[in-house]
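Asker: Take a look at this one; I'll ask things after.
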Amino acid sequence: MSFGSAAFAAPVQGKASVKLTHVFATLQTGQEDKKPEDVEACRKQVSAPGSRYLGITVTTQYSIDAQSMIMTASSSLPSPKATQPLQLTVNMPPLGIAGQYAFGAFRPPVLPNNYVLFSIGLDFKGAKSSVLVLNEGKDYNCLVTSDATPFGGALSEKLGSQQK
């Protein structure tokens with residue numbers, strides 16, 4: 001008696017490293033804050049020694065099983081503060097956004113005043129990473145990202161639904 005072998009696609013495991021090169025101010029809705037003074041304040045904030053995100057490289061390791069939709073991802077990035085470990089790792093659950101594989105951690109324990117996001121296309125190309133720095137008591141937050149056009153997509157809407 002012989003059994004036919006079913007073809008099962010193995011999960012895709014990968015690693016993507018991207019540099020955070022763009023700075024935006026975001027409103028609490030997740031939309032872009034276009035006030036030049038807020039954007040400039042964000043640029044200064046994410047370049048400062050205690051909150052250095054601009055220019056860092058974020059490395060994300062992921063495992064995506066497109067059949068079962070079981071996915072995991074974790075991003076590693078240099079600590080923005082000298083008093084913390086040199087390298088931080090943030091585990092991110094999937095966000096369930098159509099048309100891409102997207103992951104996010106909202107206020108993870110190692111970065112309690114931040115969101116860390118990662119997305120990659122369904123073809124496993126076009127990896128993007130972002131860190132949203134939450135600003136208590138201000139009308140805007142600061143988004144540092146590898147994406148030159150982060151607004152208007154489903155990830156931006158998800159960001160808006162999570163910000164407080």
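Asker: How many residues does region 111-133 contain that are without any contact (Cβ under 8 Å) to a residue 60 or more places away in the chain, in contact with a strand residue (DSSP E or B) (Cβ under 9 Å, 6 or more places away or on another chain), closer than 22 Å to T26 by Cα and in a loop (DSSP other than H, G, I, E, B)?
Answerer: 2
Asker: When you scan region 21-42, how many residues do you find that are open to solvent by 20 Å² or more (accessible area, probe 1.4 Å) and within 18 Å of the chain's Cα centre (by Cα)?
Answerer: Counting residues in region 21-42 that are open to solvent by 20 Å² or more (accessible area, probe 1.4 Å) and within 18 Å of the chain's Cα centre (by Cα) gives 8.
Asker: Just name the residue that is surrounded by the most Cβ atoms within 10 Å (Cβ to Cβ) out of those in region 95-106 that are in contact (Cβ under 8 Å) with a residue 12 or more places away in the chain and either over 16 Å from the mean Cα position of the chain (by Cα) or in a loop (DSSP other than H, G, I, E, B) (or both).
Answerer: That would be L95.
Asker: Shifting gears a bit: For region 58-73, indicate whether the set of residues that are of a type in the set (D, E, K, R) and farther than 20 Å from P112 by Cα is non-empty.
Answerer: yes
Asker: In addition: For I70, which of the numbered conditions (1) closer than 17 Å to S130 by Cβ; (2) open to solvent by 20 Å² or more (accessible area, probe 1.4 Å) fails to hold?
Answerer: Exception for I70: condition (1).
The values are calculated or read from the model by the stated rules, or taken from the named source; none is laboratory data. Just so it is clear, the model here is predicted, and its values are computed rather than measured. Virtual Cβ from ideal backbone geometry, glycine too; neighbours counted across all protein chains shown. Remember, those area values only see protein heavy atoms, side chains included, never the ligands or the DNA or RNA. Shrake-Rupley method; radii C 1.70, N 1.55, O 1.52, S 1.80 Å.
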